[in-house]
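> Just passing along the structure, written as structure tokens.
The values are calculated or read from the model by the stated rules, or taken from the named source; none is laboratory data. Just so it is clear, the structure is predicted and the values come from calculations on it, not from any experiment. Because the Cβ atoms are built from the backbone with ideal geometry, glycine has one as well, and the counts that use them run over all protein chains shown.
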Amino acid sequence: MRGPDGGAMMAAGAGIALAGAGGSLVGDGLDQMLTVGTIDPGRLASATVAGGIAGGVIRGAFQGRTMAAGACHSFDPSTHVLMADGSTKPIKDVKLGDEVAATDPETGETTWEPVTRLHVNQDTDLTDVTVENEATGTRAVLRTTSKHPFWVADRGEWVDAADLQPGTQLLGAEAAATPRVVAVSVVPRTGEMRDLTVEKIHTYYVVAESTSVLVHNCGVGGTAASPPVLLIDSLRVPNIARNVQDALNAGHPSVLNRTTNPLKIKANRSAACAGFCGPGSTDEYPFASTVQGGVGARVRGVPLAEQRVQGGILSRFYKLNNIGPGDPFEVKVIK
């Protein structure tokens, strides 16, 4: 988040309690950030006493974001990625820790590297790259963004999708099946796109039908900042905290991506809570306001008072950390 002067705003310490009884800390922190672009720890300390830090529900760690929505190069969610076992998987189905094929194009080293970050972006600079497998003559289209770097084999450098030229040779996973650019076209539309951050060798292969193409990942050198952290206090909201922890233990992701589409949020909530008969108010994880929400979410009945508090807290967390559509954040439960 940035202050009125455009400079990045920092918070003292690793995290700041955002909610106490009466929400005075939240209000004071918001007022300070929105008016002067900084946080006075002294003022926050007095607000904490008044609001009751022991009653804090969630703490937001101002640790930065992976990238702003649309800033990361991306691919259509249905685009397949070459996995470590030789299979392919739609990029939207790739999970943290999955191993993908990665090649250092300068040394020729190919290895399997884990995915360390998932990216969901709303992009407007969409570009279609038509490639041909020179071994089979098969043609297919990769739907990407104009700034996504492709390795150009005959030039030995990374080139953005929009700058690729017909006839350019790319790098495929199989030496006998060199991919060649046939056409590049800018597409005037907006869409949800996906990208990955890969450990160590920061590349992966996208696959169009039978043609694999080496591309760069998002987050050069693995230096992308950690996402903001949403800490849920089990002493203040025990039922919600228990539901979230149970979901995490069951394998649901701790890093989520926000969605602001009201139809998507409504559909996620309906799908997650279908068949729930109570008692209590429905609480689901992953949250309905995230890309990961919906079918398969863990649902628990919780007191309505907890639900109301959590809803307000999550809304403030999004605002304070400037989390937009597709932006990632991490969820942790504290005792």
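> What number of residues within the stretch 156-169 are under 20 Å from Asn133 (Cβ atoms) and more than 28 Å from the chain's Cα centre (by Cα)? It would help to see each step written out before you state the result.
Filtering the stretch 156-169 for residues under 20 Å from Asn133 (Cβ atoms) gives 159, 161, 164-169.
Imposing the further condition that a residue be more than 28 Å from the chain's Cα centre (by Cα) reduces the set to 165-169.
So the count comes out to 5.
> Still on this structure, I have one more. Residue check: is Gln307 more than 28 Å from Gln122 (Cα to Cα) and among the polar types (S, T, N, Q)? Write out each step before concluding.
Values: more than 28 Å from Gln122 (Cα to Cα): yes; among the polar types (S, T, N, Q): yes.
It is true that Gln307 is more than 28 Å from Gln122 (Cα to Cα) and among the polar types (S, T, N, Q).
> Let me confirm something: among Ser234, Ser146, Ser185, which residue is among the polar types (S, T, N, Q) and assigned by the TED database to the domain that holds Tyr318? Reasoning before the result, please.
On the way: Ser146 fails: assigned by the TED database to the domain that holds Tyr318; Ser185 fails: assigned by the TED database to the domain that holds Tyr318.
Ser234 is the lone residue from the list that is among the polar types (S, T, N, Q) and assigned by the TED database to the domain that holds Tyr318.
> Here is a further query. Residues in the stretch 122-135 that are over 18 Å from Ala153 (Cβ atoms) and either at pLDDT 95 or above or surrounded by fewer than 16 Cβ atoms within 10 Å (Cβ to Cβ) (or both): how many? Working first, answer last.
We begin by selecting, within the stretch 122-135, every residue over 18 Å from Ala153 (Cβ atoms); these are 122-128.
Adding the requirement that they be either at pLDDT 95 or above or surrounded by fewer than 16 Cβ atoms within 10 Å (Cβ to Cβ) (or both) leaves 124, 127-128.
So the answer is 3.
> Would you mind telling me which numbered condition in (1) surrounded by fewer than 18 Cβ atoms within 10 Å (Cβ to Cβ); (2) touching a residue at least 24 places away in the same chain (Cβ under 8 Å) Phe329 fails?
With (1) surrounded by fewer than 18 Cβ atoms within 10 Å (Cβ to Cβ); (2) touching a residue at least 24 places away in the same chain (Cβ under 8 Å) applied to Phe329, the lone miss is (1).
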